[in-house]
Ligand code: SF4
Ligand code: SF4
C-alpha cells in the first residue's frame with residue numbers, strides 16, 4: 001500500500017505511527033486513559049510496515065520506563081508511553097535518567113488529562129519535565145504530535161538526553177487526516193558500552209553529571225529549531241501579544257479567526273515549553289506591554305517568563321483549575337482584548353448519565369455479595385471499571401494504583417489499636433492493578449500482621465482501558481504467547497495463608513467464602529484473607545460464547561419495591577413506564593441470571609441456561 | 001466549506017463509529033477534518049459526545065452555539081448539548097416524539113431491519129438526507145462499505161437506507 005498517503009488518525013495513533021516511522025526498536029507502556037491507544041497503534045503500524053520491534057504492555061510504568069531505557073543504552077531508539085499519573089509511578093527512573101542521559105533516542109510520551117476526564121489529578125507533566133530538567137514538546141494537533149515524535153528522537157540523540165512528548169486528552173482523542181511516511185530503517189545492532197561512572201553513577205559522579213545536564217539544557221534553550229513560532233500581527237496592536245501551547249493554541253487560533261483578530265495581534269506558539277528559549281524570553285519581556293499566556297494546565301511557560309505583569313494564571317485571568325475549553329478561552333481573550341462579554345456566555349458544567357458497570361458484569365455480583373455480607377464494612381478499592389462499585393455502596397476509597405491494599409492495612413491498624421475490635425475491611429482490586437502495584441502492599445500487610453479481606457477481581461483483562469491482556473493471561477501486546485504468571489501463586493508467595501477462588505456469579509458460594517474469610521481474619525492466628533473472584537469481562541467475546549445464557553423475566557409477584565434497582569443496579573433492570581413494577585430491558589440483558597438471587601420475593605425468574 | 005457536527009449518545013450506542021464514518025467521508029471529499037471523542041470510564045454506559053469539524057479548523061472542539069448539525073442517538077442528550085447548536089442549526093433525534101428538531105424512531109426502524117445495532121446508522125441516514133451535510137448519500141454509502149466489518153456491511157447499509165428513505 002501507499003505509505004505516504006493521508007490516514008485519519010487519532011492523536012494516539014499518530015503518535016504510535018511517529019514512533020514506528022522514527023525507527024524505534026522498543027516501545028513499552030502501561031494502559032491508562034488518555035494514553036491507552038498509543039501502544040496498540042505501534043503494534044499495528046510496525047506490523048503493517050514490517051518493522052521489527054519489541055513492544056510490551058509492562059506491568060507498570062516504572063517497569064516500562066526501565067525496560068525502554070536499557071534499550072536506549074545499547075544505542076537503539078526507545079519509547080515509553082503512559083498517562084500523567086503513570087509518570088508519578090515512573091518518577092524514580094525518570095528523574096535520574098536526566099542526569100545519566102541516554103544513548104539511542106529516548107522519548108517519554110505522557111498524556112495529561114486537563115479537566116480531568118478520567119484521572120485522579122490534572123497535574124501538568126511539563127512541570128514534571130521542568131523539575132527533572134528534561135526537554136518537553138507540546139503538540140497542538142495529532143499531525144503535529146506525529147511530527148514532534150521524530151524531532152524528539154533527534155533532539156534526544158543529539159544531546160543524549162530523554163525528551164518528553166506531552167500530549168493532552170484533546171490531542172490524544174482527536175482524529176485528523178495525517179500524512180504518513182515510510183519508516184526510517186536505522187539497522188542498529190545492540191552495543192552497550194560499559195561506563196560505570198555514568199551507568200552506575202554513585203553519588204561522587206553525580207555532581208559532574210548534573211553539571212553536564214545543566215550544560216545540555218543551556219544549549220537546548222538556544223536551539224533555534226525549537227524556539228517559539230510567531231504568527232505576526234499587522235502592527236495594529238503592537239504592544240499586545242498572545243503566547244500559547246498545546247491544544248489551547250489550536251483553540252486560540254480558531255477563536256481569533258472567529259473574532260476577526262487573526263493577523264492583527266502577534267501570536268506565538270510554544271512548541272517546547274521547557275526549556276524556554278532565552279532570546280524569546282528577552283524579546284517578550286522587552287517588546288510587549290500586554291502579554292497573555294494560555295497553556296494547560298499549570299503556568300509552566302508563565303513561570304519561566306518571570307514577568308509579574310503577565311496576564312494568565314498568576315493574574316487569575318485564566319482559571320487555575322479545569323480544562324481550557326474554547327468557551328473559557330473565548331472569555332479570556334475578550335477580557336484581554338477589552339471586548340464586551342456576552343451575557344451568560346460562560347458554559348455550565350455538563351452533567352449527563354453516570355457510567356455504570358455493564359449488564360452482567362461479574363464485578364457487580366462480587367460487590368453485591370460483599371455489601372450484603374458486611375453491611376457495616378469498610379471498602380477500600382482501586383482504579384479500574386470496578387471503581388464504579390461506588391454506585392453499589394461497595395467502594396469507600398479509591399486513591400491511586402494499588403493503594404487499596406495498603407489502605408486496608410492502615411484502616412485495620414487504626415481500628416485495632418483502639419480496643420482490639422475492628423470492622424470487617426473488604427478490599428477490592430482488579431487483576432491488572434494487582435500486578436501493577438498491589439503486590440508490595442500485600443507483602444507488607446501480611447508481614448505487619450494486618451487482618452482484612454482482599455478480593456481480587458480477576459476478569460482476565462484490563463477492561464477499563466480497552467481490554468489489554470494481563471500477565472496471567474500470558475498474551476503479549478503483539479498477540480503472541482508469553483510466559484503466564486498466575487495470581488494464586490503470587491498471593492501464596494506473598495505469605496497469604498487463606499486463599500479461595502470463586503466465580504462471583506455463584507453468589508451463594510462466594511458469600512460463604514466471604515464469611516469464612518472474615519472468620520479467618522478474626523481467628524487467633526488469622527491475617528490477610530484473599531478471595532480471587534474469577535469471571536471473564538463480558539466484553540470478552542470469546543469468553544462470552546462459553547457462558548450459559550438464561551432467558552429472564554419478571555413475574556406478577558414483583559411488588560415494585562425497587563430493591564433490585566437500588567442494590568444491584570444492572571442497567572438492564574428498569575422501572576416500567578408507570579413505575580409500578582420492574583421490567584428487564586431485553587435489548588441489553590445478557591442473560592447472566594445473577595439478578596434472580598437478588599429479588600427478595602423471588603419475582604425474577606431465569607429459565608433455560610443453554611450456551612449461545 | 002466549513003461544517004461543525006456533534007454526535008451524542010450513551011456509551012455502547014455507536015457514537016464513535018458514526019464519528020469515524022463522517023471523518024472518512026470528509027477525507028473522501030478532499031476536506032480537512034478534526035474530531036474529538038469521549039473515551040474512558042464514560043464509555044461504560046455514560047454520556048458520550050463527539051465533535052467533528054470539517055474544513056480549515058485547528059481546534060478539535062466546538063463552542064457553544066456554533067454547531068451546524070447535531071445527531072442524538074439518545075434523545076435525552078439533546079437537553080445536555082442543545083446549547084451547542086447554533087440558531088438555525090439542525091438536530092436529529094432518535095425519538096418518536098416530535099419537537100423543534102428532526103425526529104425519527106431510529107430504534108424502531110432498526111428493530112424492523114433486524115438489528116438494534118444499526119440504530120445509529122438509521123439516524124445517520126436521516127441526517128445525511130435532511131441535514132445539508134458536507135457529503136451526500138452516495139459518498140456515505142461508499143464509506144459504510146469500506147469501514148464496516150465484512151459481516152456487517154449489508155446490515156449497516158440496510159439501516160442507513162432505512163434512515164435515508166424515511167419520509
Ligand atoms: S423485581 Fe423484586 S426486587 Fe425488583 S422491584 Fe420487583 S420485587 Fe423488588
Ligand atoms: S440477567 Fe439480570 S443481572 Fe444479568 S444482565 Fe440480565 S438483568 Fe442484568
Restricting attention to region A:168-210, the residues that are within 14 Å of chain B (Cβ to nearest Cβ) and assigned to a loop (DSSP other than H, G, I, E, B) number exactly 2
Quick check on my filter: what residues within region A:362-385 are more than 9 Å from chain B (Cβ to nearest Cβ) and within 16 Å of ligand 2 (Cβ to nearest atom)? A:362, A:363, A:364, A:365, A:366, A:367, A:368, A:369, A:371, A:372
Looking at A:55, A:38 in this structure, which one is within 14 Å of another protein chain (Cβ to nearest Cβ), at pLDDT 95 or above and closer than 25 Å to residue A:187 by Cβ? A:38
Considering region B:1-30 alone, what residues qualify as being facing another protein chain (nearest Cβ under 9 Å) and either out of contact with any helix residue (DSSP H, G or I) (no Cβ under 7 Å at 6 or more places or on another chain) or in a loop (DSSP other than H, G, I, E, B) (or both)? B:10, B:11, B:12, B:19, B:23, B:26, B:27
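When the residues of region A:573-595 are narrowed to those that are near ligand 2 (Cβ under 7 Å from one of its atoms) and touching a strand residue (DSSP E or B) at 6+ places or on another chain (Cβ under 6 Å), which ends up farthest from residue A:551 (Cα to Cα)?
If we take residues in region A:573-595 being near ligand 2 (Cβ under 7 Å from one of its atoms) and touching a strand residue (DSSP E or B) at 6+ places or on another chain (Cβ under 6 Å), then A:573 is farthest from residue A:551 (Cα to Cα).
If you take the residues of region A:600-612 that are under 13 Å from residue A:552 (Cα atoms) and part of a loop (DSSP other than H, G, I, E, B), which of them is farthest from ligand 2 (Cβ to nearest atom)? First the steps, then the outcome.
Just the residues of region A:600-612 that are under 13 Å from residue A:552 (Cα atoms), to begin with: A:602-610.
Still in the list and also part of a loop (DSSP other than H, G, I, E, B): A:602-603.
On the way: A:602: 14, A:603: 12 Å.
Only one residue fits best here, namely A:602.
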In region A:257-283, which residue that is surrounded by 22 or more Cβ atoms within 10 Å (Cβ to Cβ) and not in a loop (DSSP other than H, G, I, E, B) is farthest from the chain's Cα centre (by Cα)? A:267
Scan region A:360-384 and report the pairs whose first residue is farther than 28 Å from residue A:33 by Cα and whose second residue is part of a loop (DSSP other than H, G, I, E, B) and within 15 Å of ligand 2 (Cβ to nearest atom), with Cβ atoms within less than 8 Å and a gap of 6+ or a chain change. A:369/A:504
If a residue has to be at pLDDT 80 or above, within 7 Å of another protein chain (Cβ to nearest Cβ) and not in a strand (DSSP E or B) to count, how many in region B:31-60 make the cut? 7
Condition check for residue A:541: surrounded by fewer than 18 Cβ atoms within 10 Å (Cβ to Cβ), within 14 Å of chain B (Cβ to nearest Cβ) and away from ligand 2 (no atom under 14 Å from the Cβ): yes
Would you call residue A:135 touching a helix residue (DSSP H, G or I) at 6+ places or on another chain (Cβ under 7 Å), farther than 22 Å from residue A:31 by Cα and not assigned by TED's automatic domain parsing to the domain that holds residue A:251? yes
Given the structure, is residue A:249 within 14 Å of chain B (Cβ to nearest Cβ), buried (at least 21 other Cβ atoms within 10 Å of the Cβ) and modelled with pLDDT of 95 or more? yes
What are the residues in region A:569-597 that are under 19 Å from residue A:535 (Cα atoms) and near ligand 1 (Cβ under 10 Å from one of its atoms), if any? A:595, A:596
Which pairs turn up if I take residues in region A:585-612 that are in the same structural domain as residue A:552 (by TED's automatic domain parsing) and under 20 Å from residue B:11 (Cα atoms) and look for partners that are part of a loop (DSSP other than H, G, I, E, B) and near ligand 1 (Cβ under 10 Å from one of its atoms) with beta carbon separation below 6 Å, at least 6 apart in sequence or on another chain? none
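The values are calculated or read from the model by the stated rules, or taken from the named source; none is laboratory data. Everything numeric in this text was worked out from a predicted model, so none of it was measured. Don't worry about glycine lacking a Cβ; one is built from the backbone with ideal geometry, like all the others, and counts go over all protein chains shown.
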